[in-house]
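All remarks here apply to the structure that follows.
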Amino acid sequence: MSEIDDGVIKYHRDFTKSDALKPDQYRDLELWRKKLYQLGLIGEYPIVNIGYGNLSQRIKQNNFIITGTQTGKFAELNGEHYTVVTDHNIEKNLIQARGPIDASSEALTHAAIYAHQSLINAVFHIHDKKLWKLMIEHSLPHIAANIPYGTVEMARAVEELIGNSTHGIFAMAGHEDGIVSYGQSLDEAGQAILELVERFK
């Protein structure tokens, strides 16, 4: 990559350190994370040692569980690697979270999706250069290249792209390799990625 911007938390954060999450809070999310990790869609860029990929699941209203920042390198996560976003403010670029680890640098985008569409309960963010390029080349849904990840601009662009949809997948042209899927369930969000892999790989 020419310029790696992943792992940099750009939003303002109000983080409260607390105990590790219990297995029943993240068990189903972890099952999908393992699948995506094994496919190389979650991981860590070598040399620079910067992680990529993050998953979240809505708990209630605007609360959601999300993988912590810089956890991409781990094949398996436990309760120390997940955290809970308890509130957010898009306009103020603010994320409030409570857990053993800071929320992923993409938490603001996840928050915007959940706030925009109440029927969406899962958001998966993966990285794959080939899939990313092909999505853009085939004019599949994508965010404009001049919008950086983890910003208010990205959050608003995502809201506009999703519209009234409750499931789908899109690329972020301004976030190299970045692809986001979303759905009413973990399986719906995950299946969108598997179908994309099957189509292009």
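The values are calculated or read from the model by the stated rules, or taken from the named source; none is laboratory data. Model, not experiment: these values are computed from the prediction. Cβ coordinates were reconstructed from backbone atoms using ideal geometry, including for glycine residues, and neighbour counts include every protein chain displayed. Calculation scope for accessible area: heavy atoms of the full protein, side chains included, ligands and nucleic acids excluded. Shrake-Rupley method; radii C 1.70, N 1.55, O 1.52, S 1.80 Å.
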Test set (1) part of a loop (DSSP other than H, G, I, E, B); (2) under 22 Å from ILE66 (Cβ atoms); (3) of a type in the set (A, V, I, L, M, F, W, C) - LEU140 fails condition number: (2)
Pairs with Cβ under 6 Å, 6+ apart, first in region 111-133 and farther than 17 Å from THR67 by Cα and modelled with pLDDT of 95 or more, second aromatic (Phe, Trp, Tyr) and not in a helix (DSSP H, G or I): ILE120/TYR182
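Got a sec? Which of LEU186, LEU108, LEU194 is of a type in the set (A, V, I, L, M, F, W, C), within 13 Å of PHE64 (Cβ to Cβ) and open to solvent by 10 Å² or more (accessible area, probe 1.4 Å)? Spell out the reasoning first.
On the way: LEU108 fails: open to solvent by 10 Å² or more (accessible area, probe 1.4 Å); LEU194 fails: within 13 Å of PHE64 (Cβ to Cβ).
Residue meeting the stated conditions: LEU186.
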Qualifying residue in region 143-156 (condition: among the charged types (D, E, K, R) and open to solvent by 20 Å² or more (accessible area, probe 1.4 Å)): yes
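Looking for something charged (D, E, K, R), touching a Phe, Trp or Tyr at 6+ places or on another chain (Cβ under 9 Å) and modelled with pLDDT under 95 - is there at least one such residue anywhere in region 44-58?
Taking region 44-58 and keeping what is charged (D, E, K, R), we get 44, 58.
Next, only the ones that are touching a Phe, Trp or Tyr at 6+ places or on another chain (Cβ under 9 Å) stay: 44, 58.
Going one step further and asking which of them are modelled with pLDDT under 95, we end up with 44.
Checked region 44-58: at least one residue is charged (D, E, K, R), touching a Phe, Trp or Tyr at 6+ places or on another chain (Cβ under 9 Å) and modelled with pLDDT under 95.
Among what's in region 29-47 and is hydrophobic (A, V, I, L, M, F, W, C) and within 16 Å of HIS127 (Cα to Cα), pick the residue that is surrounded by the fewest Cβ atoms within 10 Å (Cβ to Cβ). Walk me through how you get there before you give the answer.
The initial filter retains those residues of region 29-47 that are hydrophobic (A, V, I, L, M, F, W, C), namely 29, 31-32, 36, 39, 41-42, 47.
When the remaining residues are screened for being within 16 Å of HIS127 (Cα to Cα), the result is 32, 36, 39, 41-42.
Working: TRP32: 20, LEU36: 23, LEU39: 15, LEU41: 24, ILE42: 29.
Of everything passing the filter in region 29-47, LEU39 is surrounded by the fewest Cβ atoms within 10 Å (Cβ to Cβ).
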Answer residue from region 63-98, given it is open to solvent by less than 10 Å² (accessible area, probe 1.4 Å), of a type in the set (Ser, Thr, Tyr) and part of a strand (DSSP E or B) and is farthest from LEU29 (Cα to Cα) among those: THR83
